[in-house]
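Here's the structure we're looking at; comments come further down.
Just so it is clear, none of the values below were taken in a lab; they were calculated from the coordinates. Because the structure is a prediction, the values reported are computed rather than measured. In this analysis, Cβ positions are derived from the backbone assuming ideal geometry, glycine residues included, and neighbour counts consider all displayed protein chains.
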Amino acid sequence: MTDLTTLAGATIVFDLDGTLVDSAPDLIGTLNVILREEDIAPLPFDEARPFIGHGARRLMERGFAAQGHPVPAERMPALFERFIAHYNQHSADETRPFPGAVRCLTELKAAGARLAICTNKLTDLSLPILQKLDLIDFFDAVIGADLAPAPKPDARHLTHTIEAAGGRIDRAVMVGDASTDAGAARAAKVPLVLVSFGYTEIPAADLNPDVLVDHFDELKNACVTLLTACPAQDVRL
């Protein structure tokens with residue numbers, strides 16, 4: 001049986017879309033609503049899925065471009081406003097935690113870990129999803145790109161999130177699915193776990209995580225392993 005005492009006082013930081021929750025159906029559904037309103041064919045789900053993870057604006061830019069209709073800079077604010085208005089009403093229609101996520105969060109929290117969200121999604125879009133899915137009480141901090149000094153892959157997004165959760169950078173683990181998460185973790189020198197089931201154009205294995213997991217059932221042991229390999233030092237943020 002895994003010794004969970006290592007988790008006490010540690011901070012486990014999660015990306016949101018593609019890591020903790022499968023939000024692709026609602027994000028791509030909203031993108032396709034806007035495309036149809038512009039008389040543009042909707043984007044196939046599997047083609048659009050890897051575009052998620054860099055924020056809604058980037059999703060729209062890539063979605064329109066993929067259909068041969070790049071958005072002029074002057075039109076993006078109005079299109080983005082329509083996207084947000086629709087998505088706010090439908091952000092948890094089909095979005096669900098990935099299998100095993102709730103059990104994993106429960107076990108990490110019970111072991112004394114601090115939990116936090118570090119996402120390039122806007123904070124005001126992230127909080128309603130966590131609330132609707134009854135996940136919000138697990139987290140000591142939720143830091144969207146708008147609350148960070150700079151978005152992932154900038155290290156400051158991750159270090160600010162750890163600090164907001166009351167944690168220490170030398171006792172933290174980043175859990176993500178894509179290059180933005182890998183970049184932030186490497187820049188901040190924080191151990192990195194990537195999930196294999198997320199949204200990424202570069203396969204997670206090719207991003208060289210410290211640990212790659214295929215299911216949330218593997219995450220607790222992965223965190224213990226990484227925190228044991230990087231023992232606590234007297235260093236604070």
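Sparsely packed loop sites in region 36-83 (the chymotrypsin sites (Phe, Trp or Tyr not before Pro) outside DSSP H, G, I, E and B with at most 14 other Cβ atoms within 10 Å) do not occur. Contact order for region 105-212, expressed relative to its length and based on alpha carbon pairs under 8 Å spaced 6+ residues apart, stands at 20 percent. For the chain, a crude dipole built from +1 on the beta carbon of Lys and Arg and -1 on the beta carbon of Asp and Glu, taken about the Cα centre, is about 560 debye to the nearest 20. For the chain, the relative contact order is 26 percent, taking Cα pairs closer than 8 Å that sit 6 or more residues apart in sequence and dividing their mean separation by the residue count. Sequence-ordered 3J(HN,Hα) estimates for region 92-102 from the Karplus curve with 6.51, -1.76 and 1.60 and θ = phi - 60° stand at 10, 4, 10, 5, 9, x, 5, x, x, 5, 5 Hz, glycine and proline given as x. Simple rule: put +1 on each Lys or Arg Cβ and -1 on each Asp or Glu Cβ in region 24-90, find the dipole, and look at GLY68, PHE80, ILE40; the Cα lying farthest toward the positive end is PHE80. Taking amide H as placed 1.01 Å from N in the peptide plane, ASP177 has its amide H under 5 Å from the amide H of VAL195, each at least 5 places away in sequence or on another chain.
Dividing the helix sum by the residues of the chain, where each DSSP H run of 4 or more adds -39500 (n - 2.57), gives a mean residue ellipticity at 222 nm of -12000 deg cm²/dmol. Altogether, the Stokes-Einstein calculation at 25 °C and 0.890 mPa s, with the Kirkwood radius of the chain over Cα pairs as Rh, returns a diffusion coefficient of 136 µm²/s. Under the Kirkwood approximation for Rh and a Cα-based Rg, what ratio Rg/Rh is obtained for region 129-186? When Rh is taken as the Kirkwood radius, the ratio is 0.97. Just the Cα atoms of region 61-147, one point each, no solvent: what log10 I(q)/I(0) does Debye give at q = 0.20 Å⁻¹? Results for region 61-147 at q = 0.20 Å⁻¹ read -1.02. For region 57-108, trypsin sites (Lys or Arg not before Pro) meeting the loop criterion (DSSP other than H, G, I, E, B) and having at most 15 other Cβ atoms within 10 Å: ARG75. Region 45-82 and region 130-204 have Cα centres separated by 23 Å. FRET efficiency for the ALA229 to VAL33 pair, using the beta carbon distance and R₀ = 41 Å, is estimated at 0.35. Here LYS109 is the anchor, and the lysines within straight C-alpha reach of less than 18 Å, apart from those fewer than 8 places off in the same chain, are LYS220. Computed as a quarter of the hull surface, the mean projected area of the alpha carbon convex hull for region 139-237 stands at 6.1 nm². About the centre of its Cα atoms, region 99-234 shows a dipole size close to 240 debye [charges on the beta carbon of Lys, Arg (+1) and Asp, Glu (-1) only; nearest 20 debye].
Placing R0 at 22 angstrom, the Cβ-Cβ distance between PHE197 and LYS132 gives a FRET efficiency of 0.55 after rounding to 0.05. Take every Cα pair under 8 Å whose residues are at least 6 apart in sequence, average their separation, divide by the length of region 24-90, and the relative contact order is 36 percent.
Here's the list of lysines a cross-link from LYS189 could span, going by alpha-carbon distance under 19 Å and ignoring same-chain residues fewer than 8 apart: LYS152.
Let's test this: bin the Cα-Cα distances of region 24-90 at 10 Å from zero up to the farthest pair and state each bin's percent. Pairs per bin, as whole percents: 23, 64, 13.
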